[in-house]
Amino acid sequence: MSMFLFNRMKRGRVNIAAKCQSFSPTQSRAKKQKTGQGVFTLQSYAQDWGNLPHHIVLHIFQYLSLVDRARASSVCRRWNEVFHIPELWRCFEFELNQPATSYLRSTHPDLIQQIIKRHAQHLQYVSFKVDSCTESAEAACNILSQLVNCTIKTLGLISTARPSFMDVSQSHFVSALTVVFVNSKSLSSIKIDDTPVDDPSLKVLVANNSDTLKLLKMSSCPHVSPAGILCVADQCHGLRELALNYHLLSDELLLALSSEKHVHLEHLRIDVVSENPGQTQFHSIKKSSWDALIRHSPQVNIVMYFFLYEEEFEPFFCEETPVTHLYFGRAVSKDMLGRIGLNCPRLVELVVCANGLEPLDEELIRIAERCKSLTAIGLGECEVTCSGFMEFVKMCGGRLSQLSIMEEVLIPDNSYSMEQIHSEVSKHLGRIWFPDMMPTW
Amino acid sequence: MAPNSIHWFRRGLRLHDNPALQEAVRGAGTVRCVYFLDPWFAGSSNLGVNRWRFLLQCLDDLDSNLRKLNSRLFVIRGQPANVFPPGDAAIKKLAMEAGVEVIVKISHTLYNLDKIIELNGGQPPLTYKRFQTLISRMDPPEMPVVSSALMGCCVTPISEDHGDKYGVPSLEELGFDTEGLPSAVWPGGETEALTRIERHLERKAWVANFERPRMNANSLLASPTGLSPYLRFGCLSCRLFYFKLTDLYRKVKKTSKPPLSLYGQLLWREFFYTAATTNPRFDKMEGNPICVRIPWDRNPEALAKWAEAKTGFPWIDAIMTQLRQEGWIHHLARHAVACFLTRGDLWISWEEGMKVFEELLLDADWSVNAGSWMWLSCSSFFQQFFHCYCPVGFGRRTDPNGDFIRRYLPVLRGFPAKYIYDPWNAPDTVQAAAKCIIGVHYPKPMVNHAEASRLNIERMKQIYQQLSRYRGLGLLASVPSTHNGNGNGIAYSPGEQQPGTNTPATTVSSSTVASGNRTGSILLNFDNEENQGPSGIQQQQQRLGKTLICVSLFRLLHKGGSVTGKRDRESERDAEGEDDTLSTAHKLQRQIAEITSVHAASGNQSAMVIGYQIHIYANFMDTVNHYKSDLFFPVYFPTDELDEGHIS
């Protein structure tokens, strides 16, 4: 409806009262008699839509999409003024795609130019979504390097398909990024996963934003060294959330995050990735470092994503580890899952995408026994016997807010059929539960 | 005078349980069974030869079964879209204008899909569980119709040159090169279907186990008891299958009420039919209200490697080879290759995979194919996405010995079981001994699966987090939820509200709080569909009356290739224009006149061309997919396009 009005008004100023009448004279008249006062007020305050007070137009504009705002802004000079009010330009998501590599459209180049020219200083929450094409990532860098007058608080560089920022030349990327680091001075949240960010650029970040930085996500940034991230932890005492790869995690880092000056850490995400079997040696973290972290930040969530080959798990969970969320993207040995039951007392959530050829019964039961905080579990290609699974559910009971297992990996046995599993599990969880089904195609 | 009937075979390529055919015969003086076939198109593509062969075998079988009843099948050369407009309503209208009464019978689905939707408050159920709940509240499906003495005293006028004019063409006639074409693993036809169902039931009775069979190395191979292509082409009535299963269960188990799981495969089919029936954009991402918009990569080279079995992952390549050679793969094998193409490894749109299946898979049904692809790519139907099938481990668990690989990829025959799923890890000596050097005789893996799955799981999470802002799906987010409403979910801002955004800042956090924590989780916690306010979901969809019957076998066969795509669009456009419709009407009349006048000329009938009363009987079709997308916008998952800064 709004568009209809706008279109009508483009042709010239239309008096609101006249318009009402032209829509439906009888109804309008009847209304006037009933609520005559209201109509009168409207007429005297604003003879036409163009005279609506700024704050009202602004309020309306906040409910409109950018496209609708842009169209509305061409109605009249006043609306056009509102279109450019800084409040409407605090948050922006640049989408940069190439027709050859993406099905999605890009943010229009004219709009990008307009933002750079007129609204760069208003931007506070900015993200760039780029497709798998290098040109898209380069375009994002070009925009970044033009944001010289900005006070950005949140910056996200997001590859929606392949990580294309990795294909941009490192110097181009780093110089663009440091433009924002240097100019913003009040960055609080940064997500730069899968980018060629390096130690020197992190130093620039710290030098300019150490008081404000609260969140830093930089998983899979191969050019950052443990020393680089340590520098961030040492200086940015307000840092509450951090995501990085395991090779950057060190005892020193955990201790730095646990220093007295540092606020409580709330979220630590660690990706453990290996490229080729046997080629990556994984170090271990001392129990005393973990302990220091938990003493300092008792509520911290420690999230670990594993993408390892079975034989690479040796250094992990041999001692007590305060991990809360565990995701295993590849097959895990029974041995490893057994250690989790023994050494992960803070475990809240566990996802195992696959395991070897033997059912996981005992391991699950041990986890149920020892991981008293476990509230969510997801099992992919993990064979479990129905009896073993039932036992696990019985032990966990209602505290399992999430229970996900594929129907096809539950092995029916003498004690339970699939139908019984459904009703028994539902009983223990206190809600209707079904195993995950895949379509029989 | 008894009316003259035409039975139009489209999907139900059978004589048994064919209510439309029975109706056509009842009280009619003559009956002609017709099938439309476009010989021009077939020749232009060498793809899908298995599907063409299956179809021709079905038609051959129909013809020979009709011969036994002193009748014949009339195969009419020409594209039905040119003869008839798409959309059964249009066909009905045209027929009416031509003085023809059209009678439509449901026999391709167990249930009346309208009833299911009605029972669900006007929308198709979006979870299988919900679907099961609905149908358990419904009356059991109707019994198949019994057709003893099918033709009654109805005759079919047959001219002497019937074979030339209306015979079933051969593959060669359609332009296929059949030299070296191996014999069909899945022979088409109703007769074969009826043999198979008996075998199928015998085996079930023998094992006396009605649970879903567990997958093993053997189940990967085509089974002589497999039925899916026969259901797809309607050589086998789903109702016949349903009732035979019920009877057997009662006999073996001695209990009266079989569980729904007994009918698993049939019900999944029904589920996707229901989901698709009011959604003409069901096979697309854009404009499909139930499909999540995922920023898939456009990558024709990678897609081609997948489709041509050159991914370098033997498990994937063997499955794709089997699909191309035989036209069928096990459903878990479908999951494996579909996951690999989409959210698992290549991050390529499910629509691309669906098109390849459409060309190669004998049982690819429009609704089931699109629905399953959406399901597998986590684009719809609310399933967990935390798990991807591993292109190495999944196969190894299923067939540890690797015999399946050796059967379809002889080049890898020499590898020991230890390396056959990841031959690139085999030492050089092993590769040399196997006479297959990876990178020379067989490709290296096209992706690093660990890396790809790490990236992709992040992408999926990103998308679902962004969606949860709109829909409050209760996703357990690994990052603080999007308090700031900027959609990327990264700002550190508990309690800190940023002004100037469209979305109220608190909506998402409340749904996340329900999970007890706001970190780490990659498990989805979707609201029960029943609890989701029905508002919005598909309300914008125009309800398509169930009188619409369309998708002819024709379209289903041809939707794959780009050539077809164009033709489809053209035919749709044809149908849109008033004038074209008129000319189509004339064509219809001409066609009808042609068929009938042949026989008028052959002297069997009195001259009757004008005002000739013909009944066209057709089986009920599942889905109508000819409607333009403009009517819809993705209400279900609002596009971020409008919110996030696109300007058109």
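The values are calculated or read from the model by the stated rules, or taken from the named source; none is laboratory data. Note that the structure is a prediction, hence the values are computed from the model and not measured. Neighbour counts run over all protein chains shown; Cβ positions are idealised from the backbone, glycine included. We work out accessible area using only protein heavy atoms, side chains counted, and drop any ligands, DNA or RNA first. Shrake-Rupley method; radii C 1.70, N 1.55, O 1.52, S 1.80 Å.
Brief remarks follow.
- Using a simple spin-label model with pseudo-atoms 7 Å out from Cα toward Cβ, residue B:68 and residue B:255 lie 3.8 nm apart.
- B:428, B:61, A:131, ranked by accessible area, largest first (probe 1.4 Å): B:428, B:61, A:131
- Treating r as the C-beta distance of residue A:275 and residue B:2 and R0 as 56 Å, the FRET efficiency rounds to 0.15.
- Chain A: most fluctuating residue of A:160, A:101, A:212 per GNM, C-alpha cutoff 10 Å: A:101
- Build a GNM of chain A with springs between Cα atoms under 10 Å apart, and of A:201, A:189, A:417 the one that fluctuates most is A:417.
- Of A:261/A:372; A:334/A:427; B:129/B:254; A:153/A:217; B:105/B:284; B:204/B:418, pairs whose Cα-Cα distance is over 23 Å: A:261/A:372; A:334/A:427; B:129/B:254; B:105/B:284; B:204/B:418
- When the range A:248-310 is reduced to its Cα atoms, the Kirkwood hydrodynamic radius in Å: 12.9
- Treating each Cα of the range A:304-441 as an identical point scatterer and summing with the Debye formula, the log10 of I(q)/I(0) at q = 0.11, 0.12, 0.14 Å⁻¹ comes to -0.36, -0.43, -0.59.
- Scattering curve values for chain A, log₁₀ I(q)/I(0), Debye with Cα scatterers, q = 0.10, 0.11, 0.12 Å⁻¹: -0.89, -0.97, -1.05
- GNM top mover of A:340, A:56, A:85 - chain A, alpha-carbon springs below 10 Å: A:56
- For the range B:93-208, the Kirkwood hydrodynamic radius from C-alpha pairs, put into Stokes-Einstein at 37 °C and a viscosity of 0.692 mPa s, yields a diffusion coefficient of 161 µm² per second.
- Chain B and chain A together bury an accessible surface of about 8200 square angstrom, both sides counted, with a 1.4 Å probe and no ligands or nucleic acids included.
- Buried on assembly, the range B:219-265 (at least 20 Å² less accessible surface than by itself, 1.4 Å probe): B:265
- Among beta bridges that DSSP assigns inside the range A:324-395, antiparallel share in %, nearest 5: 0
- In the range A:213-273, Cα pairs under 8 Å separated by at least six residues give a relative contact order of 41 percent.
- Contact order normalised by residue count of chain A, Cα under 8 Å, 6+ apart, percent: 6
- Label-to-label distance, nm, for residues given as residue B:130 and residue A:415 (7 Å Cα→Cβ offset): 3.5
- Computed in the context of the full set of protein chains, the accessible area of the range A:89-429 at 1.4 Å probe radius has 49% of its extent on carbon or sulfur.
- Working note: Debye formula, equal point scatterers on the alpha-carbon atoms of the range B:318-438, no solvent; log10 I(q)/I(0) at q = 0.10, 0.14, 0.19 Å⁻¹ is -0.35, -0.65, -1.03.
- Equivalent ellipsoid semi-axes - Cα gyration tensor, the range A:341-419, angstrom: 19, 13, 12
- Between the listed residues A:316, A:254, A:396, the Cα displaced farthest toward the positive end of the dipole of the range A:89-429, a dipole computed from Cβ unit charges relative to the Cα centre, is found at A:254.
- For the range A:284-343, size of Cβ-based charge dipole, Lys and Arg +1, Asp and Glu -1, in debye: 220
- Label separation (residue B:172 vs residue B:428): 5.2 nm, computed from points 7 Å beyond Cα along the C-beta direction.
- Looking at the range A:298-374, the pairs of alpha carbons with a distance over 17 Å make up 38% of the total.
- Quotient of Cα Rg and 2.2 N^0.38 Å for the range A:54-162, N being how many residues it contains: 1.12
- Here the range A:89-429 is treated with +1 on each Lys and Arg Cβ and -1 on each Asp and Glu Cβ, and its dipole about the Cα centre works out to around 1720 debye.
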